[in-house]
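Engineer: Please see the structure below; I have some questions.
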Amino acid sequence: MALSKLPLYSVFFFLYISLFISSQALSSKIAVAQIKDQQDNEPFVGINIGEDVSNLMSATELVSFLQFQKVTHIKLYDADPDILKALAKTKIRVIISVPNNQLLAIGSSNTTAASWIGKNVVAYYPQTVITAIAVGDEVLTTVPSSAPLLMPAIESLYSALVAENLHNQIKISTPHSASIILDSFPPSQSFFNQSWISVIQPLLHFLSRTGSPLMMNFYPYYVFMQNKGVVPLDNSLFKPLTPSKEMVDPNTLLHYTNVLDAMVDAAYFSMKNMNFTDVVVLVTESGWPSKGDSKEPYATIDNADTYNSNLIKHVLDHSGTPFHPEITSSVYLYELFNEDLRSPPVSEANWGLFYANSTPVYLLHVSGSGTFLANDTTNQTYCIVMDGVDSKTLQAALDWVCGPGRANCSEIQPGENCYQPNNVKNHASYAFDSYYQKEGRASGSCDFKGIAMTTTTDPSHGSCIFPGSKKITNKARTVVNTTNPSNAAGGSRLISFKSSRMSAVDKALQTLLTVIFSILLYIPFMMS
């Protein structure tokens with residue numbers, strides 16, 4: 001039938017339906033873009049802090065230690081009030097936890113949940129940057145009797161966050177053991193243990209609805225120990241592999257060069273098999289023990305160093321996974337300190353990067369990925385002034401470095417970050433390091449007639465970041481201060497890009513509306 005012969009109300013109804021359907025389609029695209037935005041946040045490496053440590057330092061000392069080590073994300077196994085108070089105004093991001101023994105009370109009472117949020121979140125936020133709440137720890141596999149309480153506790157806590165208008169700033173999830181996923185290789189055939197579907201199904205609905213991550217504790221160490229002879233050690237430690245040693249998923253033909261990526265993709269495929277494709281995986285625990293008993297010969301300092309160093313590089317290089325190369329899961333290392341009060345086996349007390357007295361168990365090898373921890377001294381060197389050099393000699397060297405030496409001395413000019421303290425030794429150290437880094441730390445580039453020396457201790461102080469602590473990212477090619485939290489510098493550029501992408505979708509919707517309303521205005525002329 002010709003348009004001119006349609007009743008006027010039918011034409012209007014037809015166009016209204018077209019407008020509604022088009023609007024819904026574009027709204028769906030916007031929702032997908034928003035989900036992608038959540039996934040696009042800069043991946044980071046955080047660290048778990050267990051407290052089964054004899055002579056654990058005070059909360060204030062702990063936070064100072066974290067700042068010195070340039071740690072920007074931590075996860076606690078409770079909501080320690082002293083630590084939360086000490087974290088105020090530090091910008092260190094923290095996940096707090098509801099211990100398993102509190103699930104019954106919180107899952108049974110909305111009032112108790114609201115009280116918990118008031119006591120452990122509202123009392124500290126936003127001065128203390130709480131990013132998420134981990135409800136329980138591996139509840140399904142460690143305390144299965146509490147499984148029916150898990151979702152009621154999560155929903156009650158979420159409602160309490162909504163009441164405080166904090167539900168968009170603080171996410172809620174629950175960490176799971178890798179054992180809830182069966183047949184984890186090949187990843188494409190993985191699925192959740194059907195015994196727990198009554199909990200996992202509503203949990204995934206909740207995570208999808210609230211934009212929260214699926215928290216998983218993934219340990220390639222245990223995969224290797226349980227599958228010796230099948231899973232090579234090199235695959236578990238992120239070591240470079242020849243193509244013949246790569247693990248291949250026969251269904252997708254995706255090649256896996258390390259066990260962790262396969263575990264992460266197993267989680268994604270398990271969710272996909274339940275029709276959830278918008279939930280991001282957050283690895284809340286991963287690590288390797290540095291010491292074990294006679295039955296744990298692969299728990300060594302060398303293997304622990306290799307695994308954690310390669311894991312950090314893998315995350316900070318935005319490596320993604322074979323199934324989701326565009327998404328890199330953030331990871332929390334297990335753990336900061338050796339927990340010497342842990343029960344046997346021996347490895348249980350030896351997952352830490354540091355001993356309780358703050359000395360490192362081993363030095364990480366993550367050079368080239370930015371300074372993750374201050375104890376990473378491998379190839380991370382700086383050039384500074386030696387003690388006892390007279391000011392006249394220093395001034396002459398400083399004039400040469402900033403002149404013919406063509407070092408970047410802009411940061412030591414009046415008003416800039418490294419101008420204070422205003423003395424020739426401080427300015428010369430910055431200029432020497434600028435020249436040293438510019439020359440690629442080449443032999444002889446840190447001498448200046450015997451008045452300079454190299455050091456593995458970062459001389460940065462306050463807002464003054466020395467050139468050796470700055471890097472150029474492989475992706476954006478923008479200078480990033482690696483000692484700042486991961487939402488700085490590059491992150492702001494990413495947000496700007498996302499905003500323009502969303503604006504493009506909004507403009508498309510506006511254009512569609514304009515066209516349709518123009519047609520509506522033209523209809524009376526068509527009918528005449």
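The values are calculated or read from the model by the stated rules, or taken from the named source; none is laboratory data. The shown structure was predicted, so the numbers you read here are calculated from the model rather than taken from an experiment. Using ideal geometry, Cβ is built from the backbone for each residue, glycine included, and neighbour counts are taken over all protein chains shown. Quick note on the areas: whole protein, heavy atoms, side chains included, nothing else; ligands and nucleic acids left out. Shrake-Rupley method; radii C 1.70, N 1.55, O 1.52, S 1.80 Å.
Engineer: At 1.4 Å probe size, what's the solvent-accessible area of W400? Round to the nearest 10 Å².
Structural biologist: 110 Å²
Engineer: Roughly how many debye, to the nearest 20, is the charge dipole of the stretch 81-140 about its Cα centre, given +1 on each Lys and Arg Cβ, -1 on each Asp and Glu Cβ, and no other charges?
Structural biologist: In debye, rounded to 20, the stretch 81-140 gives about 340.
Engineer: So, one more: Taking H as built 1.01 Å from N, whose amide H comes closer than 5 Å to the amide H of K75, not counting residues under 5 places away?
Structural biologist: I47, N48, I49, I95
Engineer: I've got another one for you. Could you give the length gained on full extension between Q169 and D399, defined as 0.36 nm per residue of separation minus the Cα-Cα distance, in nm?
Structural biologist: Once the chain is fully extended between Q169 and D399, it gains 77.8 nm.
Engineer: Could you give the nm distance between label points at D82 and K392, where each point is 7 Å from its Cα heading toward the beta carbon?
Structural biologist: 5.5 nm
Engineer: Follow-up. With every protein chain kept in the model, how would you rank D261, D183, D447 by accessible area, 1.4 Å probe, largest at the top?
Structural biologist: Sorted by accessible area, descending: D183, D447, D261.
Engineer: While we're here: Once amide H atoms are placed 1.01 Å from N in the peptide plane, what residues at a sequence separation of 5 or more from L282, or on another chain, have their amide H within under 5 Å of its amide H?
Structural biologist: L214, M215, M216
Engineer: Could you list which residues have their amide H under 5 Å from that of H461, counting only those 5 or more apart in sequence or on another chain, with H placed in the peptide plane?
Structural biologist: Result for H461 returns F466.
Engineer: Where the accessible area of the stretch 233-296 is counted over protein heavy atoms with a 1.4 Å probe, how much of it, in %, is carbon and sulfur?
Structural biologist: Reported share for carbon and sulfur atoms: 54 percent.
Engineer: Take every Cα pair under 8 Å in the stretch 258-370 that's 6+ residues apart, average their separations, divide by the length, and report that relative contact order as a whole percent.
Structural biologist: Dividing the mean separation by the residue count of the stretch 258-370 yields 28 percent.
Engineer: Given the Cα-Cα distance of V248 and E348 and 0.36 nm per residue of separation, how much length would full extension add, in nm?
Structural biologist: 32.8 nm
Engineer: So, one more: Taking only protein heavy atoms and a 1.4 Å probe, what accessible area per residue, in Å², does the stretch 168-223 have with all protein chains in place?
Structural biologist: 36 Å²
Engineer: Quick one: Karplus J couplings for the stretch 210-215, per residue in order, coefficients 6.51, -1.76, 1.60, θ = phi - 60°, nearest Hz, x for Gly and Pro?
Structural biologist: With the stated coefficients, the stretch 210-215 comes to 9, x, 9, x, 7, 8 Hz.
Engineer: Gain in length, T359 to S108, computed as 0.36 nm per residue apart minus the alpha-carbon separation, to one decimal in nm?
Structural biologist: The T359-S108 span can extend by a further 86.0 nm.
Engineer: Could you derive backbone 3J(HN,Hα) for the stretch 392-408 from the dihedral phi with the Karplus parameters 6.51, -1.76 and 1.60 (θ = phi - 60°), listing whole Hz in sequence and x where the residue is Gly or Pro?
Structural biologist: 5, 5, 4, 5, 5, 5, 5, 4, 5, 4, 7, x, x, x, 6, 6, 7
Engineer: Compute the FRET efficiency between D183 and I301 as 1/(1 + (r/R0)^6), taking r as their Cβ-Cβ distance and R0 = 22 Å, and round to the nearest 0.05.
Structural biologist: Calculated transfer efficiency: 0.10.
Engineer: Between the stretch 205-235 and the stretch 51-80, what is the separation of their alpha carbon centroids in Å?
Structural biologist: 25 Å
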